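The values are calculated or read from the model by the stated rules, or taken from the named source; none is laboratory data. This structure is a prediction, so every number in the text was calculated from the model and none was measured. So basically every Cβ, Gly included, is an ideal-geometry build from the backbone, and we count neighbours across all protein chains shown.
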Amino acid sequence: MVQEAESKMAKSNGGILKWMAEYDRRYVYLVLFLVVIIPLLRPIGMAVSVSPDTQQYYNVLNTVKPGDKVFFTLNTEYSGFNELHSGIVASLRVLVEHQAKICFAVGHVEATIIPDLIIKEVKSEMDANGYQYGRDYVILGYVMPNEPAVAGMAMDFHAIVTQDSLGRSIQGTFLDDVHTWQDWDFISDFSTGLSTTYLQNHFALRGTTMIVNCIGVSVPSEKPYLNSGLIKGLLQSMKGGAELEYLIGHPGVGLTSMDAFTFGHYMLIVFIIIGNIGYLGYVRKTQTEARGG
Amino acid sequence: MADILKNRQLQLVVLVLSFLLVFVPYFIDIPQLDAASSELVVITSIVTAFTVALAVVSQYQRGMHYIVKRSKGWPFKAYMLISIALMLVFALFGRDSGPYEWVMLSIINPLSSVNYSILAFYMSSTAARAFRARNTKALLLLLVGFIVILYQAPLTGAMFPGINPIGVYFGATFVTAVGSMFLISVTVGAIVFGVRVLLGKEPSVLGSGGRE
């Protein structure tokens, strides 16, 4: 009886630890789904902190003066737009409040719909600042498919771009004053890694002030450019966008997503801890016993 | 005439001259050279745009071959070709309203979002299973990973401000170092490849055979 009890205890201990070491990944999927969907449906409003990179990005964005010509480039697919949405809208709000002249351009076919979506979100600010299509903003559409197009825009803008996204001539708009890279005052790039390098090569390297909002996986590859001074500001993923919304005092999709963002990260840590307890308690023990004989 | 155009030496000369025509004005300001360089870049841009049309034609040729032969997966090829044709037709009705906009907003954008979002589940399960303290190095990786994941969660920085400088330090040192290393190696590789192309040691670029 004692041996049976010990055997059962050994099995049950091994069972729990074994489960912790080898849990089905579908538990991870289920828990991640729940910890993300519940805070999105019922936001809690947890506190956020602002990172130095976001503060620097905001400071550079605030240097834009009224009338500055800003190249607002959306180098993202629609999937990346979901991650960059908060940063894009928050940055656009700041530019509109500074009464900059904004030229929207996209680097992917899926992004052609994005300028209309984000302009709808800042419509009230644009109306309050008297924004008029052509005089204050233009939507060019998909004009950055590759490096020759971007290089051409830097060297002779009107040779590459003659009409906007709806086929209307850009003559008579504020782009009449734009001929080469020197005529742009600012580039605000939102990137999943498409044409950002081309913009850096042909605009930023020549001296145009450029800031970038990139997805999380692109941050390590963009950080060196920030440290070297090639780009003046780097907004990191959805978290950076939420921090920017906090800084400008205009909550949006970023801040409302941060509860889910936080819980998702904590959930990941919990599962890693569970896995390591199981690994040390079961797998290592089993391996040691097997070696020991 | 065709033989002249196929001459590899002539192709190489054109390649080198084109390179110099775009490369030199980047560093030396000569107005006439700037103008010629701009023209060449514009021509390249237009030719590159035509490759999109060429790609569509190639897809149709290849797809029809699959469909006629009833090769494995031919219904998907048919679906793709029909979708391409439909989107071309829809675009004629305008891109800011109508069926084109509906397809973009109701089909392509949600599918694109799902494609991206599903990565979160895969990455979470992989990270949860891969982060194991198997040895000292793995333990160090695990600890740094913990700190970075905690730092990335916005609430942590707000509740425990002490973690912020640690997270920033890791980002400013290890992450930047690895990123720089990757960029430098890719850039040096690209420069070496470019020099080989200019010296004619990469004939595959001109569409003729393997390496020398």
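Results, tabulated for the structure shown:
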item: Top-ranked residue in segment A:14-39 [being aromatic (Phe, Trp, Tyr) and under 31 Å from the mean Cα position of the chain (by Cα); ranked as nearest to residue B:153 (Cα to Cα)]; result: A:33
item: So residue B:106, is it more than 9 Å from every other protein chain (Cβ to nearest Cβ), of a type in the set (Gly, Ala, Ser) and part of a helix (DSSP H, G or I); result: yes
item: Neighbours by Cβ (under 9 Å, 6+ apart or cross-chain): first from segment B:124-138, in contact (Cβ under 8 Å) with a residue 24 or more places away in the chain and of a type in the set (Asp, Glu); second part of a loop (DSSP other than H, G, I, E, B) and surrounded by fewer than 20 Cβ atoms within 10 Å (Cβ to Cβ); result: none
item: Hits in segment A:239-254 (condition: more than 9 Å from every other protein chain (Cβ to nearest Cβ) and hydrophobic (A, V, I, L, M, F, W, C)); result: A:244, A:247, A:248, A:253
item: Out of B:162, B:171, B:200, sole residue that is loosely packed, with under 14 Cβ neighbours inside 10 Å and either out of contact with any Ser or Thr (no Cβ under 6 Å at 6 or more places or on another chain) or at pLDDT 90 or above (or both); result: B:162
item: Conditions (1) in contact with an Asp or Glu (Cβ under 8 Å, 6 or more places away or on another chain); (2) at the interface with chain B (Cβ under 10 Å from one of its Cβ atoms); (3) crowded, with 20+ Cβ neighbours inside 10 Å; number of the one not met by residue A:140; result: (2)
item: Hits in segment A:203-221 (condition: within 8 Å of chain B (Cβ to nearest Cβ), touching a residue at least 12 places away in the same chain (Cβ under 8 Å) and of a type outside the set (S, T, N, Q)); result: A:219
item: Evaluation of residue A:228 against (1) buried (at least 19 other Cβ atoms within 10 Å of the Cβ); (2) more than 19 Å from residue B:135 (Cα to Cα); (3) free of Cβ contacts under 8 Å to residues at least 12 places away in the same chain (one fails), failing number; result: (1)
item: Pairs, first assigned by TED's automatic domain parsing to the domain that holds residue B:107 and modelled with pLDDT of 95 or more in segment B:59-80, second of a type in the set (Asp, Glu) and surrounded by 14 or more Cβ atoms within 10 Å (Cβ to Cβ), C-beta under 8 Å, six or more apart; result: none
item: Residue in segment B:66-84 that is of a type outside the set (Val, Ile, Thr) and closer than 19 Å to residue A:78 by Cα present; result: yes
item: Some residue of segment A:59-81 being modelled with pLDDT of 95 or more, assigned to a helix (DSSP H, G or I) and small (Gly, Ala, Ser); result: no
